[in-house]
Amino acid sequence: MTRKRRRLYTLLLALTGLGVATALVLTAFQDELVFFYSPTDIAANKPAPGRAIRLGGMVEQGSVQKLPDGVTKFRVTDTARTIDVTYKGALPDLFREGQGVVAEGMLAGESQFNARTILAKHDERYMPPEIAKSMKKADGEQQHSTGTLLK
Amino acid sequence: MIAELGQFALSLALIAAIAQAILSLVGAHRIDARFMAAGARAASLQAGSLAFAFGVLLWSHAQDDFSVRNVSENGHRLKPMLYKLAGAWGNHEGSMLLWILVLAAFGAAVALRGRQLPATLRARVVGVQGLIGIGFVLFVVLASNPLARMFPVPFEGNDLNPILQDPALAAHPPFLYLGYVGFSVAFSFAIAALLEGRVDPAWARWVRPWTLAAWCCLTLGIALGSWWAYYELGWGGWWFWDPVENASLMPWLSGTALLHSAVVVEKRDALKSWTVLLAILTFALSLVGTFLVRSGVLSSVHAFAVDPARGVFVLVLLALTVGGALTLYAWRAPQLKLGGLFRPISREGALVLNNLLLTTACATVFVGTLYPLFLDATQGRSVSVGPPYYLRSFTPLMVGLLVAMAAGPLLAWKRGDLAAALQRLWVALLALLIVASLTWYVQGGGPWLALVGFGLGAWTIVGAATDLAERVRLFRVPLSSSSARFANLPRSAIGAAIAHAGLGIAVVGMTGSALWQSERVLTMQVGEKVEIAGYTLTFDGVHKEPGANYVAERGAFRLQRGNGDGLGTMTPERRFYPSQRTTTTEAAIRTTGLADLYVVIGEPDGNGTVVRVWHHPFVPWIWGGAIVMVAGGLLSLADRRLRVGAPRASTPGKVAANVVAADA
């Protein structure tokens, strides 16, 4: 086999690999991207029902209710809007009222969210960048509309 | 005073790194032996000063010297000694010091142990290590000094994040860094080869042991991290496709590809320019990993509080290193002499396929990890890419890799006979079919992925055994002759077969734990029973138990097989660390080697205690497989030194500056 031939084969093989990978990535992206929503985002632009999303915000003070059979209900807020969350299972160690939380699951009804997983953090001082951003955004909007200064 | 000595050592290390880079590179350019020798001494000085600085940090942590800010932020008087020491690298500043120490140690190791390398090549490798060193030592001195003092001196430290106070996690960062940073040697060899304008089989033979050592450490580091996530986080999973985990997986994938392509350079003098590129990319991915973990730009379940300014510093270093290396590559690579020819169906061809699949898999992980960052920057939308994405993009590529993995080693170099290779794999094919049909029978149809996973696991393990059996001509010559052949096999061949089998074992573990796990979540009261996978657990209540620096709520569960004999007690804990007002979950795990029973308790509330019980079939095989892989790597590493012409420690007095390997 000549050098040119070999190069052609290698190139073809590499291109096929790249093509397959791109196809795999694109189809996977189409179905499996999980978008992040704050309660305000959900009110403004409702995600399609049955689509997995991530909901992030603060666990509202005094909202955590523990029901029998390991079900927990609480409210997630970004200071502007609030949404009810139901979750069955053990909560991560750093799940607390007044602390940031990210829940993955689906929207069920107007302002009801069924969480499949509650993402834990390892560090109390850590705030996921999305939450920090959405809190800041909600703060800004509220300041704008009511003229009060939060924080 | 001690801490100031350490700070002084850090500054000295910076100067030594500058001297190391300049003296070595200039010396190599001018072929001046005195310059090059001075550069090598500077490399030892840099490693020595950093070792001293790190020793000072360890000492300060062991002594609870809270006047050092790093100690006061991560130390505590009540902490057990192991975690006092682990506290030295369980935080940003200390772990970066460990990072540069490993980097400098590798540089010094090449300078000291690389006597059989051509002098200019060695000097260039040492010089490039020095260049990387300058950047990162500067980073530590300017932006993340672990030995900085604080005033007033607090009476008590803030303590190390309790979730990190764990033996596996104490060992995780050192191994991970030995792996990450170990690839810097392959990088430096690649740059040195580009500067020299020469890549030949001897070069590949020198690069391979370093890469293999780094690969072994990285494999172990990743396994330790995932084992820790499995038993400490109490979520019952062992891999979450989290950015921080992906950060260590990407260099592993490309490093594995590099190991294999270096074989082609060594045996066949082909794929040279590709191997050089792969060496650059592997270290680049290690730097990307460092950046992702240290900057906090990505939302991660493993993230800790971080300082964004430091992320920018690492990003600039990353851009300089990778940008410089790739520019040099674009300029010099076309001048490399072209390598030998081979047919697509051959051992080389199989290794090219291996490289294609591994780098493509690495690319899918890269895209999945960084796409959220890209989308956030361009459209301002936050997304996360979760496990389903990787299941659909990464897994098919791995399936292809496993299929090819058994056949590759059976093909001859230059031109192979695929039909003959497949014929010899009939036992493996039989194993695949038997295991797949058994799986189908056991789960009554069920997810086809389980059939594929278990079947391919068996295929890979038996395929690796076939490789060895073929080499010793088992059952075709008398057994005594086979065993004599086995004794004469190169260790690298045995090591490779063992590592391949290890991956097969791990694949069985991953498949079993992902698809067959069962889970029960319930609120239990004292005396209640829960059944799972044929076991019965009776809840005996929770009592308080003091620990070294925590108070544990220890639950007790009596374990029975069905309603039969007692199998003892399982005691999951929740540990409350008063110093950080934090609670951690300690799972109780009972393993049979084939499956784990896994119990965690949650917070007690009015209705009882939330209990989560898992049955994880095959999960111990994941780490068992990883250990087998590392064992295979180490065996192969042991081979290199014994081989004629392979790197060997030269005896004192022997003039060995320019020895070129005998069989080059």
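The values are calculated or read from the model by the stated rules, or taken from the named source; none is laboratory data. The shown structure was predicted, so the numbers you read here are calculated from the model rather than taken from an experiment. Reconstructed Cβ throughout: ideal geometry from the backbone, glycine too, with neighbour counts over all protein chains shown.
If a residue counts only when it is assigned by TED's automatic domain parsing to the domain that holds B:Leu253 and without any contact (Cβ under 8 Å) to a residue 12 or more places away in the chain, which helices (runs of 4 or more DSSP H) contained entirely in the stretch B:341-449 have at least 2 such residues?
It comes to B:347-379, B:387-407.
Filter the stretch B:57-79 down to the residues that are among the hydrophobic types (A, V, I, L, M, F, W, C) and either at pLDDT 90 or above or not assigned by TED's automatic domain parsing to the domain that holds B:Leu97 (or both) and list them by number.
B:Leu57, B:Leu58, B:Trp59, B:Ala62, B:Phe66, B:Val68, B:Val71
Kindly evaluate B:Trp448 against the criterion of being under 30 Å from A:Leu119 (Cα atoms), more than 14 Å from chain A (Cβ to nearest Cβ), out of contact with any Phe, Trp or Tyr (no Cβ under 8 Å at 6 or more places or on another chain) and at pLDDT below 90.
Spelling it out, B:Trp448 is indeed under 30 Å from A:Leu119 (Cα atoms), more than 14 Å from chain A (Cβ to nearest Cβ), out of contact with any Phe, Trp or Tyr (no Cβ under 8 Å at 6 or more places or on another chain) and at pLDDT below 90.
Return the pairs, sorted by first residue and then second, in which the second residue is surrounded by 12 or more Cβ atoms within 10 Å (Cβ to Cβ) and of a type in the set (Lys, Arg), the first residue lies in the stretch A:44-60 and is closer than 14 Å to A:Thr86 by Cα and more than 12 Å from every other protein chain (Cβ to nearest Cβ), the beta carbons are less than 9 Å apart, and the residues are 6+ apart or on different chains.
Hits for this filter: A:Val59/A:Arg75; A:Val59/A:Arg96; A:Glu60/A:Arg75.
Report yes if some residue within the stretch A:12-34 is assigned to a strand (DSSP E or B) and either surrounded by fewer than 17 Cβ atoms within 10 Å (Cβ to Cβ) or within 13 Å of chain B (Cβ to nearest Cβ) (or both); otherwise report no.
yes
Check the stretch B:573-581 and report whether any residue there is farther than 24 Å from B:Ile532 by Cα, part of a helix (DSSP H, G or I) and touching a helix residue (DSSP H, G or I) at 6+ places or on another chain (Cβ under 7 Å).
no
From A:Phe74, A:Phe113, A:Phe95, grab the single residue that is surrounded by 18 or more Cβ atoms within 10 Å (Cβ to Cβ) and either within 10 Å of chain B (Cβ to nearest Cβ) or modelled with pLDDT under 85 (or both).
A:Phe95
Restricting attention to the stretch B:364-382, and to residues there that are crowded, with 21+ Cβ neighbours inside 10 Å and touching a Leu at 6+ places or on another chain (Cβ under 9 Å), which single residue is nearest to the other protein chains (Cβ to nearest Cβ)?
Among those that are crowded, with 21+ Cβ neighbours inside 10 Å and touching a Leu at 6+ places or on another chain (Cβ under 9 Å), it is B:Ser382.
Please find, among A:Thr86, A:Thr40, the residue that is under 23 Å from B:Leu233 (Cα atoms) and more than 9 Å from every other protein chain (Cβ to nearest Cβ).
Selected residue: A:Thr86, the only one of A:Thr86, A:Thr40 that is under 23 Å from B:Leu233 (Cα atoms) and more than 9 Å from every other protein chain (Cβ to nearest Cβ).
Hand me the list of strands (runs of 3 or more DSSP E) wholly inside the stretch B:585-664 holding 2 or more residues that are farther than 17 Å from B:Tyr231 by Cβ, at pLDDT below 90 and out of contact with any helix residue (DSSP H, G or I) (no Cβ under 6 Å at 6 or more places or on another chain).
Passing ranges, in order: B:595-605, B:608-617.
Residues of the stretch A:35-68 being exposed (fewer than 13 other Cβ atoms within 10 Å of the Cβ) and among the charged types (D, E, K, R), which ones?
Within the stretch A:35-68, A:Lys46, A:Arg51 qualify.
In this structure, is B:Ser60 in contact (Cβ under 8 Å) with a residue 12 or more places away in the chain and in contact with a strand residue (DSSP E or B) (Cβ under 8 Å, 6 or more places away or on another chain)?
yes
I need the full set of residues from the stretch B:416-442 which are within 12 Å of B:Phe454 (Cα to Cα) and polar (S, T, N, Q), in order please.
Hits for the stretch B:416-442 are B:Ser437, B:Thr439.
Being over 16 Å from B:Trp614 (Cα atoms), aliphatic (A, V, I, L, M) and over 15 Å from the mean Cα position of the chain (by Cα) is the filter here; which residues of the stretch A:77-92 pass it?
Across the stretch A:77-92, the qualifying residue is only A:Ala80.
Output the number of residues of the stretch A:1-43 satisfying the condition of being touching a residue at least 24 places away in the same chain (Cβ under 8 Å) and among the small types (Gly, Ala, Ser).
2
Kindly indicate which of B:Trp459, B:Trp516 is closer than 20 Å to B:Leu449 by Cα and either small (Gly, Ala, Ser) or out of contact with any strand residue (DSSP E or B) (no Cβ under 6 Å at 6 or more places or on another chain) (or both).
B:Trp459
Kindly indicate whether any position in the stretch B:495-506 is surrounded by fewer than 18 Cβ atoms within 10 Å (Cβ to Cβ) and touching a Lys or Arg at 6+ places or on another chain (Cβ under 9 Å).
No.
Identify all residues within the stretch B:582-619 that are more than 8 Å from chain A (Cβ to nearest Cβ) and free of Cβ contacts under 8 Å to residues at least 40 places away in the same chain; write none if there are none.
Matches in the stretch B:582-619: B:Ala588, B:Arg590, B:Thr591, B:Thr592, B:Gly593, B:Leu594, B:Asp596.
Give the residues of the stretch A:40-53 that are in contact with a helix residue (DSSP H, G or I) (Cβ under 8 Å, 6 or more places away or on another chain) and charged (D, E, K, R), sorted by residue number.
Correct list: A:Asp41 only.
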